[in-house]
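Each remark here refers to the structure printed beneath this line.
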Amino acid sequence: MKKRKNIFIILGILLLIVILAISSYFFIKQVLENRNLDKQYEDIQDIVTTEIINNNTEDKKETIDLNELYKINNDLVGWIKIDGTRIDYPVMQNEDYYLRRNIYKNYSYYGTPYLAKYCDVKNSDNLVIYGHHIKNNAMFGELENYKKKSFYNNHKYIKFYTLENELTIEHVYEVIATFKTVVYSDNGFKYYSFNNAKNSQDFNDYVSMCKQLQFYETGKTANYGDKLITLSTCEYSRKNGRIVVVAKEV
């Protein structure tokens, strides 16, 4: 009986060692993959970022040029950037193709932020952009921080760069509301279905619902005729939850 008990103890220890080894393997694999992906996006950022030097003051200013990146992949429709955060990425458009692919069309756990298929980057009233909620704050992970007004106070503006006739245009948007909701449910707010306003009432209804759901009052709103941008990522307090940040062009 004692011998059998010792065998069970040994088997239990061996099983624990195997579990720890497997867990360590996947943890290290994930860390290495994250580092590789971070390096990859740093290289992509280097492709689009150039410095302009003021000859009078010698001050340096960074600017974005999308031409070289567009040559690599013409699914590129823009570049999203929020100063002071890790959100500094290309934006693609090809339905859900970039959900788990990088700009080089290879598999990527991070995926690449992408514009909803029904949006037209030049003409839509609302540009809906999706990105993964990565735990190390990569991709759209930092949208989680918009739950706190203190974060909003320091990150009120979203920059979205587009390419028009080989000229990179900077569009600046001011955040008007941040909220959470659920998708694939009759009870959730279908913010993702609004891209063009049928009329002023349609536009005002969308903005009104965003304001009703907001975490806190920003003191900002939008009026019919304004152009909007909506950033969306997963939110894990509820099944199929989403964090949404809505901003208007200024």
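Can you go through ASN137, ASN74 and tell me which one is assigned to a loop (DSSP other than H, G, I, E, B), modelled with pLDDT of 90 or more and farther than 23 Å from LEU228 by Cβ?
Numbers: ASN137 fails: modelled with pLDDT of 90 or more.
When all the criteria are applied, what remains is ASN74.
For every residue, the table says whether it meets (1) assigned by TED's automatic domain parsing to the domain that holds ARG86; (2) within 18 Å of the chain's Cα centre (by Cα); (3) surrounded by fewer than 15 Cβ atoms within 10 Å (Cβ to Cβ).
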position: HIS133; (1), (2), (3): yes, yes, no
position: PHE140; (1), (2), (3): yes, yes, no
position: GLU144; (1), (2), (3): yes, yes, no
position: PHE151; (1), (2), (3): yes, yes, no
position: SER200; (1), (2), (3): yes, no, yes
position: PHE203; (1), (2), (3): yes, no, no
position: GLN212; (1), (2), (3): yes, no, yes
position: GLY225; (1), (2), (3): yes, no, yes
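Could you tell me which residue of segment 227-250 is surrounded by the most Cβ atoms within 10 Å (Cβ to Cβ), considering only residues that are out of contact with any helix residue (DSSP H, G or I) (no Cβ under 9 Å at 6 or more places or on another chain) and among the aliphatic types (A, V, I, L, M)?
The extreme case among them is ALA247.
Quickly run through segment 172-198 and pick out the residues that are exposed (fewer than 15 other Cβ atoms within 10 Å of the Cβ) and either in a helix (DSSP H, G or I) or not assigned by TED's automatic domain parsing to the domain that holds ASP88 (or both).
Scanning segment 172-198 gives a single hit, SER193.
For GLY188, state whether it is of a type outside the set (Asp, Glu), within 30 Å of SER237 (Cβ to Cβ) and at pLDDT below 95.
Yes, satisfied.
Do we have ASN240 as out of contact with any Gly (no Cβ under 7 Å at 6 or more places or on another chain), at positive phi and either hydroxyl-bearing (Ser, Thr, Tyr) or assigned by TED's automatic domain parsing to the domain that holds GLN93 (or both) here? First the steps, then the outcome.
Numbers: out of contact with any Gly (no Cβ under 7 Å at 6 or more places or on another chain): yes; at positive phi: yes; either hydroxyl-bearing (Ser, Thr, Tyr) or assigned by TED's automatic domain parsing to the domain that holds GLN93 (or both): yes.
So ASN240 passes the test.
Just to check your reading of the model, which residue among ASN94, ASN106, ASN102 is in the same structural domain as LYS135 (by TED's automatic domain parsing), at pLDDT 70 or above and exposed (fewer than 10 other Cβ atoms within 10 Å of the Cβ)?
Within the list ASN94, ASN106, ASN102, the selection yields ASN106.
Which of the residues belonging to segment 51-71 are modelled with pLDDT of 75 or more and more than 16 Å from PHE160 (Cα to Cα)?
Matches in segment 51-71: GLU68, LYS71.
The values are calculated or read from the model by the stated rules, or taken from the named source; none is laboratory data. All values derive from a computational prediction rather than experimental measurement. In this analysis, Cβ positions are derived from the backbone assuming ideal geometry, glycine residues included, and neighbour counts consider all displayed protein chains.
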